[in-house]
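One structure is given here, and the rest of the page talks about it.
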Amino acid sequence: MNDAGFVQQTLVPLLYLISAVTFIFGIKGLTRVRTARRGNGLAALAMLVAVVTTLLDMGLVDYRWILGGLVVGGAIGAIAAVKVEMTEMPEMVALFNGCGGGASVLVAIAYLWQEVVESGAGDGMTPSALLGPDSALSVVLSILIGAITLSGSVVAYLKLRGKISGQPIMVPGRHVLNLALFLGALGLGVWFAFFVAEASLIATVAVVVALLATVLGVMLVIPIGGADMPVVISLLNSYSGLAASATGFVLNENVLIISGALVGASGLILTQIMCVAMNRTLANVLFGGFGMQEQETASGPASDYGTVRSYGPEESAMLLESAESVVFVPGYGLAVAQAQHVCRELADLLESRGVKVSYGIHPVAGRMPGHMNVLLAEADVPYEQLREMDEINPDFKETDVVIIVGANDVVNPAAENVPGSPIAGMPVLKVWDAGTTMVIKRSLSPGFAGIKNSLFENENNIMVFGDAKEVLQGLVTELKQAAAA
């Protein structure tokens, strides 16, 4: 066997197998906070092996272009890693999902152009006859799913960035319009793949399918409110995996099929977990328009509060001086204030005084799945102190003080005691069972659900108004002064 035969018949399949197995172990590592960093590294390594193997398999690529792509792409990734703040991570994930979908569309159209249009073989033959029915259908699905993922992710990004309203934008007759767009795109896709034999018409219809799917992606995400962004990001991640898997069938690349299927399946599972955590169905998220802040519900308007006790850092620190157990409940306000490091400093100070410290993590706290875990990991919070909702809820009755930093809906009692509330039935952290709850928040403004939080009126609750980082730093200062006195 010559060198070329060895590469094509032995080395390439072996490297693809290594890449696929590494992908599996990488995604497995992402299921736990402790192993997430290693899992991410393994997945990145698997992608590198897959790219290098594909280039070996092709054999006709100008390596100057490859080197240029590595330099440009690596520079963009490095700059993004350094520049992007933790609060902007959901937007970055949305863009990553969009890039995956966009890449699938471009690859599918480029393949169609090269194999059918540019070669001239398409004249007189349909794509299904030329490429095979499976490849032709895979091209259609790759274009359709990829374009939906691209435009939907861009809309999610713009909503998260505040460039367009985070509230649901309800287009009249949107369900009928969405169905028409989907059936139109799918129907045209099947038509050009199986019944059109003119090369120029095939290319034109493929582009029309991509445009219809792009509009559909916008229409699907526009009506979804900010409260459901964690679910949307998970779902778009699943879409990007499905699009990549479809592209793998187009190119007959097993590693792309496997990795895309893994991402698609894991994203769908995570979406279901997010829906359960919010006591909502996926259909309700996609079609319900949840998150409208203008509404007044059975829990009352957001501005309707009775007696609310407000403390400053000095009085709040006095409560902590006598506490034996403290639980921190982080929310998006912690991320906005970039207060994770001073939160860890306060926790360390409390531990030095013999206080038992832990963190209560709600699955949908923040603006993307795992947002709080990533945020606290950045501050080197010990993994064993991070406790999920179901694990920590029974312990609140034995907790002296719960410090809620920028969270709102995930600690709202309305989920359990107000049947007409938009969050009724949503599993929440039962912080009100603790001896004292301390809510650090800029104001009494509502969370993403747009409703009041009756926790703020509880007799065992105190409000500490202000920027989370400044308030936590004030608590640290007061406790240090008390220890030195």
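The residue pairs whose first member lies in the range 378-394 and is touching a residue at least 24 places away in the same chain (Cβ under 8 Å), whose second member is surrounded by 12 or more Cβ atoms within 10 Å (Cβ to Cβ) and among the aromatic types (Phe, Trp, Tyr), and whose beta carbons are closer than 7 Å, counting only pairs six or more residues apart or on different chains, are 381/359; 385/359; 386/359; 387/359.
When residues in the range 432-470 are screened for being within 17 Å of residue 396 (Cβ to Cβ) and assigned to a loop (DSSP other than H, G, I, E, B), 6 of them pass.
The residue pairs whose first member lies in the range 165-182 and is in contact (Cβ under 8 Å) with a residue 60 or more places away in the chain, whose second member is in a helix (DSSP H, G or I) and surrounded by 11 or more Cβ atoms within 10 Å (Cβ to Cβ), and whose beta carbons are closer than 7 Å, counting only pairs six or more residues apart or on different chains, are 166/159; 166/226; 175/287. Of the residues examined, residue 154 is not one that is in a helix (DSSP H, G or I), touching a helix residue (DSSP H, G or I) at 6+ places or on another chain (Cβ under 6 Å), surrounded by 14 or more Cβ atoms within 10 Å (Cβ to Cβ) and modelled with pLDDT under 85.
State whether the residues of the range 386-393 include one that is crowded, with 24+ Cβ neighbours inside 10 Å and not in a helix (DSSP H, G or I). Scanning the range 386-393 turns up no residue that is crowded, with 24+ Cβ neighbours inside 10 Å and not in a helix (DSSP H, G or I). Taken over the range 100-120, the criterion of being over 13 Å from residue 149 (Cβ atoms) and surrounded by fewer than 18 Cβ atoms within 10 Å (Cβ to Cβ) is satisfied by 110, 113, 114, 115, 118, 119, 120. Exactly one residue among 402, 364 is in the same structural domain as residue 335 (by TED's automatic domain parsing), in contact with a helix residue (DSSP H, G or I) (Cβ under 7 Å, 6 or more places away or on another chain), buried (at least 20 other Cβ atoms within 10 Å of the Cβ) and at pLDDT 90 or above, and that residue is 402. Filter the range 286-323 for residues that are aromatic (Phe, Trp, Tyr), assigned to a loop (DSSP other than H, G, I, E, B) and at pLDDT below 90; which is surrounded by the fewest Cβ atoms within 10 Å (Cβ to Cβ)? So, considering only residues that are aromatic (Phe, Trp, Tyr), assigned to a loop (DSSP other than H, G, I, E, B) and at pLDDT below 90, the one surrounded by the fewest Cβ atoms within 10 Å (Cβ to Cβ) is 305. Give the residue, chosen from 188, 179, 212, 268, that is surrounded by 20 or more Cβ atoms within 10 Å (Cβ to Cβ), part of a helix (DSSP H, G or I) and not basic (Lys, Arg). Checking each option against the conditions leaves just 212. Does residue 429 meet the test of being closer than 19 Å to residue 306 by Cβ and either part of a loop (DSSP other than H, G, I, E, B) or of a type in the set (A, V, I, L, M, F, W, C) (or both)? Spelling it out, it is not the case that residue 429 is closer than 19 Å to residue 306 by Cβ and either part of a loop (DSSP other than H, G, I, E, B) or of a type in the set (A, V, I, L, M, F, W, C) (or both). Within the range 163-213, the set of residues being among the charged types (D, E, K, R) and more than 27 Å from the chain's Cα centre (by Cα) comprises 198 only.
Which of the helices (runs of 4 or more DSSP H) found entirely inside the range 1-106 contain at least 1 residues meeting this: modelled with pLDDT under 80 and outside the structural domain of residue 368 (by TED's automatic domain parsing)? Passing ranges, in order: 3-6, 33-58, 63-83. Considered as a group, the residues in the range 227-259 that are closer than 30 Å to residue 331 by Cβ and aliphatic (A, V, I, L, M) include one that is surrounded by the fewest Cβ atoms within 10 Å (Cβ to Cβ), and that residue is 229. For the range 324-344, a tally of residues being touching a strand residue (DSSP E or B) at 6+ places or on another chain (Cβ under 7 Å) and not in a loop (DSSP other than H, G, I, E, B) returns 9. Residue 414 fulfils the conditions (1) in contact with an Asp or Glu (Cβ under 8 Å, 6 or more places away or on another chain); (2) touching a residue at least 40 places away in the same chain (Cβ under 8 Å) except for a single criterion, (1). Examine the range 424-435 for a residue that is over 30 Å from residue 353 (Cβ atoms) and crowded, with 18+ Cβ neighbours inside 10 Å, and state whether such a residue exists. Within the range 424-435 (the criterion being over 30 Å from residue 353 (Cβ atoms) and crowded, with 18+ Cβ neighbours inside 10 Å), the answer is yes, since at least one residue qualifies.
The values are calculated or read from the model by the stated rules, or taken from the named source; none is laboratory data. Remember, it's a predicted structure, so these values are computed and weren't measured experimentally. Because the Cβ atoms are built from the backbone with ideal geometry, glycine has one as well, and the counts that use them run over all protein chains shown.
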